[in-house]
Amino acid sequence: MRTKLFTFIIFLFLQIVAFAQQQVTVFVSYTNSYCNGARPTTEILTKYNTPAKLVNFKIKLVGKKNMVVVTDTVGCFTHKLHPGKYQVFLTEENNKNLFTNYDPTCVKMLKTSFCELLIEKGQNTYKINLHFPCNPCQPNNKP
């Protein structure tokens, strides 16, 4: 009898944990810092500071569970997540067609959290922006 009761309690606990996750859709955009070169015009700075969708890009979420997600062709990813805070990190893979300051060979960039994603119970859509600074692995690459 105790074994059945224990099994039932474990089953209920696993069901509660599984249902605590919620399906969320996150739109991911990015901006860049202007690095080196001549003093930029207002138009150039506007271009760098205007969020663009981060398409076909792998990012790592670190929180209660760690996972790698991939944005789609409109810059979104959909995944089941537990409510809570997730730090957003980049991976060694990137979309070379995007105009970003991101250098996947720079270990400092891989170890930097680019933003925090806060998943709240009952909310299913989010927007985050990743700002790519000048490459810290290139000492002469400064804003």
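Worth pointing out:
- Here's how it looks for residue 127: its modeled amide H is under 5 Å from those of 27, which are all 5 or more places away or on a different chain.
- Pairs exceeding 20 Å between alpha-carbon atoms, taken from 80/108; 64/96; 58/80: 80/108; 64/96.
- Under the combined filter of DSSP loop state and at most 12 neighbouring Cβ atoms within 10 Å, the stretch 36-97 retains these trypsin sites (Lys or Arg not before Pro): 65, 96.
- For the stretch 62-138, the set of chymotrypsin sites (Phe, Trp or Tyr not before Pro) satisfying both a DSSP loop assignment and a count of at most 16 other C-beta atoms within 10 Å is given as 99.
- Dipole magnitude of the stretch 22-132 about its Cα centre (Cβ charges: Lys, Arg +1; Asp, Glu -1), debye to nearest 20: 260
Throughout, read-outs are computed from the coordinates displayed, never taken from laboratory work. Source: prediction; values computed, not measured. For neighbour counting, all protein chains shown are included, and Cβ atoms are generated from backbone atoms with ideal geometry for every residue, glycine included.
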